[in-house]
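The values are calculated or read from the model by the stated rules, or taken from the named source; none is laboratory data. Everything numeric here is computed off the predicted structure, so don't read it as measured data. So basically every Cβ, Gly included, is an ideal-geometry build from the backbone, and we count neighbours across all protein chains shown. Accessible surface is based on the protein model in full, side chains and every heavy atom, while ligands, DNA and RNA are left aside. Shrake-Rupley method; radii C 1.70, N 1.55, O 1.52, S 1.80 Å.
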Amino acid sequence: MKIEAFGVEQWMNEWETKCAYNVAETCVESITVEELINMAGLSPEQMARDLMKKKLTYGWIEGSEKIRELIAGLYKKQTVANVVTTHGCIGANMLVHETLVEPGDHVISVIPTYQQHYSIPASFGADIETLRLKPENGFLPDLDELRAMVRANTKLICINNPNNPTGALMNEATLKAICEIARNVGAWVLCDEVYRGLTQEDQYSPSVADLYEKGISTGSMSKVFSLAGLRFGWIAAPQRLIAAILHHRDYNTISVGMIDEYFAELALQAKDKILVRNRAIIRENLQILDDWVKSEPRVSYVKPKAGTTAFVKIDTKLSSHEFCERLVKEKGVMFTPGSALHTEGYVRVGFANNKDVLKKGLALTSEFLKEVD
């Protein structure tokens, strides 16, 4: 199988351990084990006792009933039978694509988005079309354009809500309209909802899994719950698709680690406390970013509605890759070039990590902008 290089991941692998100011990180600032057990109301002694008793076998193949019940609780209409655990959201997306997509299938994906959603289907021999998200539409999909793209053999429509990298957020009416377009040709809708819950308001955005009989939601503990180190995710989907996914999952997953599942369970039980913390971080930091954008004449953006990233347009003669490479080498500040997301002229800024790093990184970027054309 031939597949295009994963632009974002290769960029992150190259620079995230070499930069002084990582303003490319997409997870809300990670929490420690100590912070997690405090929010879960557990003492270190109780946690130690829990872990010492665990026999390190494979554990529950599909995920324990308790963890799947907690995940189902993040949705309005999902049950334990509609959920299966995965190795992160990246594993969830891969399983959905390899289960559904066959050579010759017509697949539509929005762009920019996480590259899995167009490069993986292409590697399977699918006929890929991308629906370009435009700033003049607030980086929301043009529904008339989507209707014109759909065919009788459209197998899958891939969306991302909240969107990475733009922070655009589709409301329920837009999601229902996309589902109706898919319903007309019997297509599935996969919505990567890894940032769902990180809104500027105290609410979860609607999920495609709850809105459409062929809707698929993927998520994880990484972004919203600040626990990327667990590598723990899930798929919420109709039971008949879950059964088909399990057929493929046997070949690459078997089970998710028991220790990962233990900590994920603690986090989901303490989700309200984690969300209060994390929403406060993204709101404060987005204000810092917004003030900076307004102060820089060569910088503009569509202000994010949700998530942890902003897609920032830079007025420069440099390509986005040249700009970001020089910025990290000369100032130690790491952004992600838009070219890594197949969108030139922009950089992706992550604003959900340490606010002092964000402030210093933006200040140094201002210096850099004065030095380059």
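The table below gives the values:
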| item | result |
| --- | --- |
| Summed side-chain charge close to residue 156 - residues other than residue 156 whose Cβ falls under 13 Å, Lys, Arg +1, Asp, Glu -1 | -3 |
| Rounded to the nearest 10 Å², the accessible area of residue 321 at probe 1.4 Å | 80 |
| Surrounding net charge for residue 108, when Lys and Arg each add one and Asp and Glu each subtract one, Cβ distance under 13 Å | -1 |
| Selected from 312, 285, 90, residue furthest toward positive end of dipole (the chain; charges at beta carbon) | 285 |
| Rh by Kirkwood over Cα pairs, then Stokes-Einstein D for the chain at 0.890 mPa s and 25 °C, µm²/s | 116 |
| Within the chain, helix-based [θ] at 222 nm, where runs of 4 or more DSSP H residues each add -39,500 (n - 2.57), nearest 500 | -12500 deg cm²/dmol |
| Part-to-part distance (alpha-carbon centres) for the range 213-274 and the range 1-39, which is given in Å | 19 |
| Principal axis dimensions, the range 205-268 - Cα atoms, whole angstrom, descending | 33, 32, 15 |
| When the convex hull of its Cα atoms is projected in every direction, mean area for the range 73-127 (nm²) | 4.8 |
| Alpha-carbon Debye profile of the range 101-165, log10 I(q)/I(0) at 0.22, 0.24 Å⁻¹ | -0.88, -1.01 |
| For q = 0.09, 0.16, 0.17 Å⁻¹, Debye-computed log10 I/I(0) when each Cα of the range 72-183 counts as one equal scatterer | -0.25, -0.81, -0.92 |
| Candidates per trypsin sites (Lys or Arg not before Pro) in the range 287-333, loop by DSSP, up to 15 other Cβ within 10 Å | 298, 317 |
| Dipole magnitude (debye, nearest 20) for the range 196-304, charges at Cβ of Lys, Arg, Asp, Glu | 180 |
| For the range 125-258: rounded, prolate or oblate by the Cα gyration tensor [a/c cutoff 1.5] | oblate |
| For the range 68-119 and the range 283-310, distance of Cα centres in Å | 29 |
| Share of Cα-Cα pairs in the range 183-311 lying beyond 17 Å, as whole percent | 67 |
| Range in the chain, longest, excluding exposed chymotrypsin sites (Phe, Trp or Tyr not before Pro) [loop by DSSP; at most 11 other beta-carbon atoms within 10 Å] | 59-250 |
| DSSP loop GluC sites (Glu not before Pro) with at most 16 other Cβ within 10 Å: longest gap in the chain | 17-200 |
| Accessible surface of the range 1-117 [probe 1.4 Å, protein heavy atoms]: carbon and sulfur percent | 52 |
| Per-q log10 I(q)/I(0), the range 293-371, q = 0.14, 0.21, 0.27 Å⁻¹ (Debye; single scatterer per alpha-carbon; no solvent) | -0.41, -0.99, -1.67 |
| Neighbourhood net charge (13 Å Cβ-Cβ; Lys/Arg +1, Asp/Glu -1) for residue 292 | +2 |
| Principal axis dimensions, the range 1-148 - Cα atoms, whole angstrom, descending | 58, 45, 34 |
| Area projected by the alpha carbon convex hull of the range 146-222, averaged over all directions, nm² | 5.3 |
